[in-house]
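Visitor: Got a structure here, written out as structure tokens. Questions coming.
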Amino acid sequence: MNRTRTAALALPLLALVSAGLTAGPAPQRAPVPAATPQELASLLGSGTWVIMEFGGEHCIPCKHMQPVLQDLRDAVGAKAVIRNFWIQDHPDVAQRHKIMLMPTQVVFNPKGEEVFRHMGYFPPAEFHAALQKLGIL
């Protein structure tokens, strides 16, 4: 590459840097934390809506659900608690909640009762619609 072409390519980059903008990665959002069995039991008795995704850290569809859960967490605010639950770490809890597929999203009402369940990847628009129907969004 000749010097003139290199300089021409560098000028737009210099303009971005001097404007405080960089071509680096976007800032990372806080991950949706994983609940322990004790936290799950506590949440179900807390009097608030709980949206729990039962899945696994290495499950590809579960990984694809993480941005969806982050967006939902932002949308619901304090109306609901959203958590992951890693079933490979606690198969007894998964069995108690009749989890047959990863991921499975379960919504519990403020009384701790299951009121909604979806198995597999849940497209964002459909997840939002389900939560709107329940009155959470």
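Visitor: Which members of region 51-67 meet the condition of being in contact with a helix residue (DSSP H, G or I) (Cβ under 8 Å, 6 or more places away or on another chain) and crowded, with 21+ Cβ neighbours inside 10 Å?
Guide: Correct list: ILE51, MET52, GLU53, PHE54, GLY55.
Visitor: Out of VAL76, VAL68, VAL107, which single residue is under 19 Å from HIS128 (Cβ atoms), part of a helix (DSSP H, G or I), hydrophobic (A, V, I, L, M, F, W, C) and touching a Leu at 6+ places or on another chain (Cβ under 7 Å)?
Guide: VAL76
Visitor: Same structure, new question: Of all residues being of a type in the set (A, V, I, L, M, F, W, C) and at pLDDT 85 or above in region 24-40, which is surrounded by the fewest Cβ atoms within 10 Å (Cβ to Cβ)? Just the residue, please. Break it down stepwise before answering.
Guide: Residues of region 24-40 of a type in the set (A, V, I, L, M, F, W, C): 26, 30, 32, 34-35, 40.
The next check asks that each one be at pLDDT 85 or above; those that pass are 30, 32, 34-35, 40.
Details: ALA30: 7, VAL32: 19, ALA34: 16, ALA35: 23, LEU40: 21.
Looking at the filtered set, the residue picked out is ALA30.
Visitor: Consider only pairs whose beta carbons are under 6 Å apart and that are at least six residues apart or on different chains; among these, list those whose first residue lies in region 105-124 and is more than 15 Å from HIS64 (Cα to Cα) and whose second residue is at pLDDT below 95.
Guide: That search, which allows pairs on different chains as well, returns GLY112/GLY45.
Visitor: If you don't mind, there's one more thing I want to ask. Being among the basic types (Lys, Arg), touching a Leu at 6+ places or on another chain (Cβ under 8 Å) and either modelled with pLDDT of 95 or more or surrounded by fewer than 18 Cβ atoms within 10 Å (Cβ to Cβ) (or both) is the requirement here; does ARG83 meet it?
Guide: yes
Visitor: I want to confirm something. Restricting to region 79-104 and keeping residues that are outside any loop (DSSP other than H, G, I, E, B) and over 16 Å from GLU39 (Cα atoms), which single residue is farthest from the chain's Cα centre (by Cα)?
Guide: Once the filter is applied, the top-ranked residue is GLN95.
Visitor: Within the bounds of region 128-136, is there any residue that is in contact (Cβ under 8 Å) with a residue 24 or more places away in the chain, surrounded by 15 or more Cβ atoms within 10 Å (Cβ to Cβ) and within 19 Å of PRO31 (Cβ to Cβ)?
Guide: Within region 128-136, none of the residues are in contact (Cβ under 8 Å) with a residue 24 or more places away in the chain, surrounded by 15 or more Cβ atoms within 10 Å (Cβ to Cβ) and within 19 Å of PRO31 (Cβ to Cβ).
The values are calculated or read from the model by the stated rules, or taken from the named source; none is laboratory data. Given the structure is predicted, the values throughout are model-derived calculations rather than measurements. Positions of Cβ are backbone-derived with ideal geometry, glycine not excepted, and every protein chain shown enters the neighbour counts.
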